[in-house]
Amino acid sequence: MLKYLIEKECKQFFRNPFLPKLILVMPLTVILIMPWAANQEIKDIRLAVVDNDRSSVSQRLIAKATASGYFRLTDVLPTYYAAMDGIESGETDMILEIPSGFEKKIISEGHSDAMISANAVNGTQGGLGTFYLTNILNDYSAELRGSYGMYTYISLLPVETFDVVARYRFNPRLDYKVFMVPALMVMLLTMLTGFLPALNIVGEKETGTIEQLNVSPVGRMAFVAAKLIPYWMIGFFVLSLCMVLAVWVYGIFPAGNLLTIYIFATIYIAVVSGIGLVISNYSETMQQAMFVMYFFMMVLILMSGLFTPIASMPSWAQMIAAFNPLKYFVEVMRSIYLKGSSFTELTNPFLILCGFAAVFNFWAIRSYKKNKMNIRIFAQK
């Protein structure tokens with residue numbers, strides 16, 4: 001019986017003119033476009049310079065800032081107020097003001113000033129832009145010390161008194177896409193194996209076919225399994241496709257074992273399928289189910305560490321995130337992809353995901369049983 005039900009679901013899926021195309025378009029869109037669109041690397045910051053000195057030293061400083069790749073010089077203006085007009089109109093993101101006598105003061109006193117003004121409407125861009133420009137000025141100050149053979153610095157910045165060598169582990173190029181791609185795979189798996197089957201079940205409610213199945217000899221477990229298994233298979237196919245795209249487009253290959261990824265994916269699919277079943281059991285219409293799922297999807301994504309680290313969130317948000325299964329699988333995928341973590345190192349998230357799977361699937365079975373009993377009572381009346 002289960003075999004025929006699965007065949008029915010597969011035929012129904014491929015008869016749909018939209019869903020098979022969605023299965024191909026979704027991973028292509030998410031993996032090929034979102035890592036670039038949702039990139040938090042701040043570059044091409046529009047910089048206006050007020051060069052009151054117009055010396056060779058100030059010109060070299062401007063050239064150094066624009067050559068960094070983080071800044072794009074929009075204009076060199078005569079006054080600070082003219083530059084502020086650009087910030088107020090949204091044409092400029094930052095201002096670097098170099099005072100008159102900048103070069104002369106450095107040579108004679110070994111010290112000079114510079115001022116940075118940033119448009120902080122976008123706090124991330126304003127903060128990082130100031131940080132980048134501060135580091136450029138700091139580096140330039142060190143170059144001047146070497147050029148003039150004296151203690152020279154720009155007073156905006158702390159003076160470097162020792163050399164620092166940074167080593168970036170697991171992501172040497174500090175590429176944000178390497179951080180994003182494994183997490184986007186988790187997001188795709190959530191939508192395909194959790195929410196699409198739930199919408200399918202609610203669709204059966206709206207058409208009335210689920211009532212016929214509930215009063216038929218088809219077992220509860222067989223009916224639910226037949227609804228879920230085709231989407232599980234699609235989920236594994238899409239996950240594999242995403243991993244191929246990650247290697248082909250970004251050169252990102254998991255440092256850990258592929259089998260570990262699939263083991264965790266199996267448990268995670270059980271978790272999100274349970275969540276989807278619970279939502280479908282309490283939803284009477286597709287519209288109702290879609291609103292509930294949209295709400296949960298937003299919460300799960302934003303509280304998963306997909307875009308920002310959990311540690312950066314307030315303490316109350318971290319407590320909520322502890323009950324988010326998406327958070328644990330995102331951490332697992334990044335650990336396997338970037339660190340090469342083994343299964344034994346990931347035992348704790350594995351047990352937590354198993355706990356989520358048990359809770360949500362038990363809840364789904366209990367709530368479905370109750371709904372089935374109500375339908376039978378209604379049918380008898």
Are there helices (runs of 4 or more DSSP H) fully within the stretch 1-99 with at least 3 residues that are touching a strand residue (DSSP E or B) at 6+ places or on another chain (Cβ under 7 Å)? List them. 56-67, 80-89
Name the residue that is modelled with the lowest pLDDT, counting only residues in the stretch 215-228 that are in a helix (DSSP H, G or I) and surrounded by fewer than 19 Cβ atoms within 10 Å (Cβ to Cβ). 220
Please name all residue pairs, on different chains or six or more residues apart, with Cβ atoms under 6 Å, provided the first residue is in the stretch 56-84 and is farther than 13 Å from residue 140 by Cα and the second residue is of a type in the set (Gly, Ala, Ser) and surrounded by 15 or more Cβ atoms within 10 Å (Cβ to Cβ). 71/65; 74/48; 75/48; 77/48; 77/83; 83/48
Residue 283 passes all but one of (1) at pLDDT below 90; (2) under 21 Å from residue 359 (Cα atoms); (3) among the hydroxyl-bearing types (Ser, Thr, Tyr); (4) out of contact with any helix residue (DSSP H, G or I) (no Cβ under 8 Å at 6 or more places or on another chain); which number fails? (4)
Name the single residue, out of those in the stretch 2-31 being modelled with pLDDT of 85 or more and in contact with a Leu (Cβ under 7 Å, 6 or more places away or on another chain), that is farthest from residue 252 (Cα to Cα). 26
Any hit, the stretch 258-279, residues being in the same structural domain as residue 332 (by TED's automatic domain parsing), in contact (Cβ under 8 Å) with a residue 24 or more places away in the chain and not in a helix (DSSP H, G or I): no
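Per-residue answers, yes or no, for (1) farther than 15 Å from residue 262 by Cα; (2) at pLDDT 90 or above; (3) aliphatic (A, V, I, L, M):
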| position | (1), (2), (3) |
| --- | --- |
| 305 | yes, no, no |
| 311 | yes, no, yes |
| 329 | no, yes, no |
| 337 | no, yes, no |
Restricting to the stretch 10-42, count the residues that are under 30 Å from residue 86 (Cβ atoms) and surrounded by 13 or more Cβ atoms within 10 Å (Cβ to Cβ). 3
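The values are calculated or read from the model by the stated rules, or taken from the named source; none is laboratory data. Every value quoted in this text rests on a predicted model; they were computed, and no experiment measured them. Glycine gets a Cβ as well: all are built from the backbone with ideal geometry, and neighbour counts include every protein chain shown.
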